[in-house]
1. Spot the failing condition for residue D:343; the list is (1) more than 14 Å from chain C (Cβ to nearest Cβ); (2) closer than 17 Å to residue D:27 by Cα, and only one is missed.
2. Among what's in the stretch C:165-202 and is touching a Ser or Thr at 6+ places or on another chain (Cβ under 6 Å) and away from ligand 1 (no atom under 15 Å from the Cβ), pick the residue that is farthest from the other protein chains (Cβ to nearest Cβ).
3. Suppose we filter D:42, D:65 for residues that are over 26 Å from residue C:65 (Cα atoms) and assigned to a helix (DSSP H, G or I); which single one remains?
4. Scan the stretch D:203-218 and give yes if some residue there is within 16 Å of ligand 2 (Cβ to nearest atom), surrounded by 22 or more Cβ atoms within 10 Å (Cβ to Cβ), within 13 Å of another protein chain (Cβ to nearest Cβ) and touching a residue at least 60 places away in the same chain (Cβ under 8 Å), otherwise no.
5. Which one is farthest from the other protein chains (Cβ to nearest Cβ) among residues in the stretch D:274-300 that are within 20 Å of the chain's Cα centre (by Cα) and not in a helix (DSSP H, G or I)?
6. Taking residue D:18 as meeting all but one of (1) touching a Ser or Thr at 6+ places or on another chain (Cβ under 8 Å); (2) at the interface with chain C (Cβ under 7 Å from one of its Cβ atoms), write down the number of the exception.
7. How do the helices (runs of 4 or more DSSP H) wholly within the stretch B:1-81 filter down when requiring 2 or more residues that are buried (at least 24 other Cβ atoms within 10 Å of the Cβ), more than 9 Å from chain D (Cβ to nearest Cβ) and touching a strand residue (DSSP E or B) at 6+ places or on another chain (Cβ under 7 Å): which remain?
8. Among (1) among the β-branched types (Val, Ile, Thr); (2) within 16 Å of ligand 1 (Cβ to nearest atom); (3) crowded, with 23+ Cβ neighbours inside 10 Å, where does residue D:248 come up short?
Amino acid sequence: MSNLENLYRQVIMDHYKNPRNKGLKDSEEYYSVHLKNPTCGDDLTIQIKVEDNKITEVYHDGTGCSISMSAASVMSETIMGMNLEEAKKVINNYVEMVKGEEFDEEMFMGDAIVYQGVSQFPARFKCATIAWKALDKAISNHENCSHRHDEEKIEVK
Amino acid sequence: MSNLENLYRQVIMDHYKNPRNKGLKDSEEYYSVHLKNPTCGDDLTIQIKVEDNKITEVYHDGTGCSISMSAASVMSETIMGMNLEEAKKVINNYVEMVKGEEFDEEMFMGDAIVYQGVSQFPARFKCATIAWKALDKAISNHENCSHRHDEEKIEVK
Amino acid sequence: MKVNDIMDINKIRKDFYVLNNNDLAYLDNAASTLKPKQVIDAVTYYYEKLGVNIHRGVYRLSYEATDLYEKARQKVAELLNCQFEEAVFTRGASNALNLIALSYGMNHIEEGDEIITSELEHHSSMLPWQNVARAKKAKLVYVPLNEENKITVENFKKVLSNKTKVVALNYISNAMGYMTPVEEIIKLAHEKNAIVILDAAQAVPHIPVNVKALDCDFLAFSGHKMCGPTGIGVLYGKYNLLKEMEPIEFGGDMIDYVGLNEVTYKDPPYKFETGTPIIASAIGLGRAIDYIKAIGFKDIMKHERMLRDELIDKMSQIKGITIHNPNTDTGIISFNINGVHPHDAASVFDEENVAIRAGHHCAQPLMHCLNEIATIRASVYFYNTREDINRLVKAINKAKAFFENFM
Amino acid sequence: MKVNDIMDINKIRKDFYVLNNNDLAYLDNAASTLKPKQVIDAVTYYYEKLGVNIHRGVYRLSYEATDLYEKARQKVAELLNCQFEEAVFTRGASNALNLIALSYGMNHIEEGDEIITSELEHHSSMLPWQNVARAKKAKLVYVPLNEENKITVENFKKVLSNKTKVVALNYISNAMGYMTPVEEIIKLAHEKNAIVILDAAQAVPHIPVNVKALDCDFLAFSGHKMCGPTGIGVLYGKYNLLKEMEPIEFGGDMIDYVGLNEVTYKDPPYKFETGTPIIASAIGLGRAIDYIKAIGFKDIMKHERMLRDELIDKMSQIKGITIHNPNTDTGIISFNINGVHPHDAASVFDEENVAIRAGHHCAQPLMHCLNEIATIRASVYFYNTREDINRLVKAINKAKAFFENFM
Ligand SMILES: Cc1ncc(COP(=O)(O)O)c(C=O)c1O
Ligand SMILES: Cc1ncc(COP(=O)(O)O)c(C=O)c1O
């Protein structure tokens, strides 16, 4: 399989075309995080609902390339129902994976496993992680009992 | 003779210690030009009186290193009594000389001829020429019937 | 016509290490051009042989460094046909354009005045004046773009008024490659006593620019877009304007006398060059100017136009792409592959070693006009070949086919 | 103690082409230091292997260049012990100090407020605040210098008041080599809710600087004084201050959203880095930081102090010269040969291939305090040797003898 085919797996394009859990809820129950990448125009909001230390609902909405938009959809499916500890482990594992570093191949990742190909395209790292960064932020806002609505821009590092 | 001895000739140091025509006149008859070199602190004013196309009086005053101060004194002696055309030729010849370019060795230069050694010290070119640049400016102000008092700063080029 | 008809492109390409060491079709020249070894050598010469500060040193190394720095200024002055004193070194075009707005703009614009700019501008040409307009309660007026998104004299006349004080426009658009009809615009603006600032970041590298003939009041460009080093650019200003303008930054190297409560400045250009200058980059820019002049603008223009014609011709035959500027005046082509996000397309180009740009090209208002989030931009320079064009066309076809698979 | 006791100076000197190719005692390090081959190589690497623009490119070369640029920022952050986001790249220290005054100063200083600075400042530390004071009708207050022309905590207390809003002082004086007692000054200033800006242009190259431990609010330095390239410097600012500050320059790379009449910016540090960055110089600065850290500040300080002690010792034995700062804290020595204009002396030094500086050192107010038009300044760095010191002493004696001839 070529690098490109490895990046744009069928399942990614499916999630891009038919995103799951897309559209935001207008309710104060959710922790929501709005992330933007001014450099490439990606613009994404995610919402989570936490009950009993478990993520029971996830929504997302935004605009961007197929990698960033599909990743939000995949992320929402993958972490739905997980408890916060599990979710944080998956986030870390996912980030290591798309960076091309060592990661735990045994951990349950759902469809997110197909983003392995991103490691060959470092310029797309931010596309693949924006949704997961937003999730990470939402979880820590919840844990710190901090503001429920967060606006941020992410940058190249 | 070493480069240094060639730069600091006895006659230069004499003019530095005992400047001729130093001190300004408080009269409207003179064309005066005030030049500064902000970078090294040289600060010099020269005054000329022109009668019948002839430079009949030259004065100077200021602060600076031995090269710049002596050059003002030497200049005042050299060009005193010359007509404007002659003076302009001497200015050009002097500048060529201190630059290390070809110059007319036959032309009357008075003591100014000893500034030949400056050509080995390009960093001192401005010191050696500030008085002559002021003279040049004063002559052209006279010729253009322009303002009698001129303030300028000179810079490295 | 063969590429080599115009100039010896293979010989030229040997000067560019990046081209020799990568199997690369480099078509992102509007962002930055590559640097030839002559420019790199000039920079290295300063660092290896001198490496010292300038202007204030009374020793030989410092004198030589000063001389090289000021000779670079002289080269800029000859390139633009201006006086030595009218060429101010800046960090780049953005820095130069901001300096004009902060100094000239903030001191001359008053409430109710009008500043003309356009939606075709690079953010660096437009935003400094948006800031002035906000601060001074002046009005920012946009030249209406025509159906092709061009600035025309006719449309310029519609917005020019007795209230116009400043006209800030691009000479060549970085997003669309159009040439603004600046000669006529400058004449018209001057009839209204408005000053004209040209953002020439895309012009100076590609066409001969003569500021005296143009009679523009200010002009700005960057070194890194014309084979020069990063971190250097030029602000040209008419001497009498520079002379009366206030400096924006204060400090070393720009002062005459400093007292505890007052200060007097040096004359231009030094009064605008605060602090230790960008010595190595200025010297490198001087060398870049020599390099480009040796090739010659006539040949550069001919060559770029040939490549543009070929590219437009080949791209027009591809179905399912939108070319936004088929009538581009230069080697800048802006397009989209229908249904494919530019960043997705870009990864295909990257796999094919074709370097293009995907994004808003620092021209977000124009993106709204085009009704796109982003576009793909290919831009050529004198070292590009027909082979580069062919590779771009191949990559476009590949991206199309690749993503059609998923449709 | 031999020089080589502290570090392998001969090996270090091999890294500096200028030292190898000239029989030179380079003692103008406070103006600019020389550049080692490692730094030159890092700059050349960017130009030869990459040469492209950063941040917005979706191709590999651009990604690598971006990575190198941002890694350099990370190195700055580690050097200063600050967050990545708190390190803004600027053109140099002057540019950084002006940015603080134009953004923080112009928006926070009000009529009647007091700004503390000193006559010991470099013009770049003082003049930006003279400008703010003039514009805002605030008062510029000078810490009285003591009999040695030092800033003391005691004298600082005399001028600190409830009206003090900003304290802008040097960390190490470029003209006298004194270290300002910044720790105590910062504590005292913070008790009055004043912010403290440190001009650390002469500090960061020579001593370890920890901004979190110091708790200063802003700090600035230049790359070219620490083995780095020209045209790069750093503004450190506490994140919450940077976050609320207005950018001064507008344009490419610093924006988030651009509309026709409004704009939103990126977060720090990007909102202050308008236009194409000074890519090569930033990468070179990163390498310079590695280079200096490998030698180690402990050894650098030890070595410089040894040279200073030796120099002061030897110079004290020369009759007919005035040392202005016999108690200098660093390797910066300021003196005059009695009866000889510094520029005249400088030509003798030049003939002897001893590079020193003669002038006002961008500190005119201090020259008034010293009652001199100009002074001669010698300043050492880690690559200097005792041989350099001996040559300076020899040149001083020669200049004295030479001009005494004419007396
Ligand atoms: C038309 C135009 N103006 C201004 C700029 C800004 O130049 P720089 O980023 O070098 O400051 C650019 C380049 O990005 C440009 O293309
Ligand atoms: C103490 C001090 N502050 C500020 C500066 C200004 O640095 P730069 O000229 O690199 O902007 C210098 C160097 O000249 C300096 O020594």
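The values are calculated or read from the model by the stated rules, or taken from the named source; none is laboratory data. A quick note: this is a predicted structure, and the numbers were derived from the prediction, not measured. In this analysis, Cβ positions are derived from the backbone assuming ideal geometry, glycine residues included, and neighbour counts consider all displayed protein chains.
1. Only one criterion is unmet by residue D:343, namely (1).
2. Across the stretch C:165-202, the extreme among qualifying residues is C:192.
3. Just one listed residue meets the conditions, D:65.
4. Among the residues of the stretch D:203-218, not one is within 16 Å of ligand 2 (Cβ to nearest atom), surrounded by 22 or more Cβ atoms within 10 Å (Cβ to Cβ), within 13 Å of another protein chain (Cβ to nearest Cβ) and touching a residue at least 60 places away in the same chain (Cβ under 8 Å), which makes the answer no.
5. D:296
6. If we test residue D:18 against (1) touching a Ser or Thr at 6+ places or on another chain (Cβ under 8 Å); (2) at the interface with chain C (Cβ under 7 Å from one of its Cβ atoms), just (1) comes out false.
7. B:66-79
8. (3)
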